[in-house]
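Enquirer: After the structure tokens below, expect a handful of questions from me.
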Amino acid sequence: MPRALLPLLGSLLLSLGCSGTSARCQQPLVNYCQGPCQTYEQATAQLRSEVTPGCIVARLGMCDGQRFVQAASNTTGYTKFFDGGGELVGVRLSATYAAFCGGNFFQQEYGEPPPCRSAVITEDLCSPSDGGTDGP
């Protein structure tokens, strides 16, 4: 697959998942955190420390009034959503294969991630230029 298409594929995988169906693979946020949840500042610092040359998706942004931290590889990804105070409110995990809820879903949600119909990328850590409107 041409490298130029990989970020687009990552964005699509993170945004599509189970949309269009009423069935959801969802669990309480406490099941994801298994202890104290990360804050926005902690998640951002972790993402920055994990970025490598040639990364697929690593970005920060806003959607539906919430900040998000997002990362993806060729096969899996996550988007973590935070309220204005920096508290984690939802997580959306995605895969290119049915990896969740007994192998029946391409996406797993924890807490209440927003639908994110439109997002603004505030920083793209995999790209030399920041900004944009594509997102979760």
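The values are calculated or read from the model by the stated rules, or taken from the named source; none is laboratory data. These numbers were taken from a predicted model, which means no experiment stands behind them. So basically every Cβ, Gly included, is an ideal-geometry build from the backbone, and we count neighbours across all protein chains shown. Ligands, DNA and RNA are stripped out before the accessible areas are found, and what is left, the full protein with its side chains, is counted by its heavy atoms. Shrake-Rupley method; radii C 1.70, N 1.55, O 1.52, S 1.80 Å.
Enquirer: Over segment 44-88, with the other protein chains present, what is the accessible area per residue in square angstrom, probe 1.4 angstrom?
Expert: Values: 1860 Å² over 45 residues.
Here the per-residue accessible area is 41 Å².
Enquirer: Rounded to the nearest percent, how much of the accessible area of segment 79-129 (1.4 Å probe, protein heavy atoms only) is carbon and sulfur?
Expert: 50
Enquirer: Can you give the local net charge around VAL89? Use residues other than it whose beta-carbon is closer than 13 angstrom to its beta-carbon, Lys and Arg +1, Asp and Glu -1.
Expert: Net charge around VAL89: -2.
Enquirer: Run the simple label-point estimate for THR39 and ASN104 please: 7 Å along Cα→C-beta, distance reported in nm.
Expert: Output for this residue pair reads 3.9 nm.
Enquirer: Sticking with the crude label model, points 7 Å out along Cα→Cβ, report the distance from GLN46 to VAL120 in nm, one decimal please.
Expert: Each label point lies 7 Å from its Cα, and together they span 2.6 nm.
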